[in-house]
Amino acid sequence: MSGLLNVRGLCSVACVLLGTLVSTAHAAIINDGPNHYMIDPVSATVSAGLSPKIASQLVDQSGLSSGYTNGTLAEEYKALSPTHNSAVNSNLYFTDFGDPSTGSIDFDLGGTFRDVDGFVLWSYGLGDGSQIDGFTLIADDDGDFSSGSTVIGDFNNPLGMGPLATVGGEGFEFAAVEASFIRMVITSNHGSVGNIFSEMAFVRATPEPSSFAMLGIAGVFGIGVHRRRRRKQ
Ligand SMILES: [Ca+2]
Ligand SMILES: [Ca+2]
């Protein structure tokens, strides 16, 4: 079925559907305004639990029907309705069968971004219970996650039911936070063993890393609907 706006949280008043994705229970990537930009993480690393210890397939755009670059206008990217081919194992992150379903993955955003306020997660399909469900995101300035960290919020990823070849992206948003690294603390799956998902991208409200950005381009759009309060650790 075509992608439909899937609101599972508070959506801003201006929230509009800007793109549709073929796929299934996975909804469209949505946002509520222009002037947001894709962040292409430079690496993803398992920092606790989980297995195998290679997570690069989450951020190398493997399996995406359309690619993007760091700074691509998110609205234009969404209009391409990017899906993920999760029928190919080398496109995915998945744990070995029977391995823990919880753990942490750290994303290096490749720069310091002042207004990170959303992400897109391409999960899996077929209703596989190993799909990632609950997780917490934590922003950090230098990747040590011991100081300068901010808890972004808790999220739940819906169970993807569709064909593996065209998994749709799920958009999430949160209150803007400055971040150079983001830790994903995975707390649950959808009832089976292990953990699996396919790709992760982040979104920011300014066109350049804060070290380069001109001020004043902050927007009010997020790429999804999950708003959460953040708190200082
Ligand atoms: Ca991938
Ligand atoms: Ca730190």
| query | If we scan the range 63-83, do we find a residue that is over 18 Å from the mean Cα position of the chain (by Cα) and assigned to a helix (DSSP H, G or I)? | reply | no
| task | Please verify whether the range 88-104 includes one or more residues that are surrounded by 19 or more Cβ atoms within 10 Å (Cβ to Cβ), within 16 Å of ligand 2 (Cβ to nearest atom) and within 25 Å of SER66 (Cα to Cα). | result | no
| said: Among the residues that make up the range 134-153, is at least one of them modelled with pLDDT of 95 or more, within 13 Å of the chain's Cα centre (by Cα), more than 16 Å from ligand 2 (Cβ to nearest atom) and not in a strand (DSSP E or B)? | reply: no
| field | Conditions (1) within 13 Å of ligand 1 (Cβ to nearest atom); (2) touching a residue at least 60 places away in the same chain (Cβ under 8 Å); (3) of a type in the set (A, V, I, L, M, F, W, C): number failed by ALA55 | value | (2)
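The values are calculated or read from the model by the stated rules, or taken from the named source; none is laboratory data. These numbers come from a predicted model, not from an experiment. Reconstructed Cβ throughout: ideal geometry from the backbone, glycine too, with neighbour counts over all protein chains shown.
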